[in-house]
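These notes are about the structure you will find just below.
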Amino acid sequence: DQLLGAWKSDDRSAHFLFMADSTPSFYRLVYVEAKSKPVVFRAALARLNGELYLDVVPQEPDEAGRNGFLALHVTFWHSFARIEVSDRQLRLRLADPAWLTKYLAQNPDALSHFTSKGQVYLTADTAMLQKFVIDHDALFAATPTLFTRE
């Protein structure tokens, strides 16, 4: 419940609106950055080894406006963040893609993945991904983005 509602980044350049979803532990997340159009995500919370994580995936565009040929070329990948929530503050630690790229270059068999155009895509199953997150805290070691209630 502490997550529900509107949040703004400390520099006011980004805004989150978390709303309840019909599925427990899932949220509808509307994200707005600067003057861009809002983007809608489906977000899920998971607790791993005592830490709270947010799994975010973009929602598919409305079927009415969807071009079938375009849809064949658009892939919706998940992104992950470690999250700390209190009544007035949300700390969001996004997964660090630079750390992950470097780590997997040095340890290519550590986790099932592929790289395309410099971007790493993890393809391991859920249990392996969760174990990797628990075992590699450095993935989320970047300075958190701070949000406060609007």
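Among Leu139, Leu94, which is the only one that is over 20 Å from Ser13 (Cβ atoms) and in contact (Cβ under 8 Å) with a residue 12 or more places away in the chain?
From the options Leu139, Leu94, the qualifying one is Leu139.
What are the residues in region 101-130 that are open to solvent by less than 60 Å² (accessible area, probe 1.4 Å), assigned to a helix (DSSP H, G or I) and over 20 Å from Asn49 (Cα atoms), if any?
Within region 101-130, Thr101, Tyr103, Leu104 meet the criteria.
Scan region 16-31 for residues that are open to solvent by 40 Å² or more (accessible area, probe 1.4 Å) and out of contact with any Lys or Arg (no Cβ under 6 Å at 6 or more places or on another chain) and jot them down.
Leu17, Ala20, Ser22, Thr23, Pro24, Ser25, Phe26, Arg28, Tyr31
How about region 12-49: which of its residues are closer than 19 Å to Glu84 by Cβ and assigned to a loop (DSSP other than H, G, I, E, B)?
Matches in region 12-49: Ser25, Asn49.
Which of the residues belonging to region 1-16 are more than 14 Å from the chain's Cα centre (by Cα) and not acidic (Asp, Glu)?
Applying the first criterion (more than 14 Å from the chain's Cα centre (by Cα)) to region 1-16 yields 1-15.
The answer is Gln2, Leu3, Leu4, Gly5, Ala6, Trp7, Lys8, Ser9, Arg12, Ser13, Ala14, His15.
Residues that are modelled with pLDDT of 80 or more, open to solvent by less than 80 Å² (accessible area, probe 1.4 Å), farther than 27 Å from Ala124 by Cβ and outside any loop (DSSP other than H, G, I, E, B): does region 50-71 have at least one?
no
Would it be correct to say that Trp99 is modelled with pLDDT of 90 or more and aromatic (Phe, Trp, Tyr)?
Answer is yes for this residue.
From Phe147, Phe132, grab the single residue that is under 30 Å from Arg88 (Cβ atoms) and aromatic (Phe, Trp, Tyr).
None of the other options fit; the residue is Phe147.
The values are calculated or read from the model by the stated rules, or taken from the named source; none is laboratory data. Given the structure is predicted, the values throughout are model-derived calculations rather than measurements. As a convention, Cβ positions derive from the backbone with ideal geometry for all residues, glycine included, and neighbour counts pool all protein chains shown. Only protein heavy atoms, including side chains, enter the accessible area calculation; ligands, DNA and RNA are left aside. Shrake-Rupley method; radii C 1.70, N 1.55, O 1.52, S 1.80 Å.
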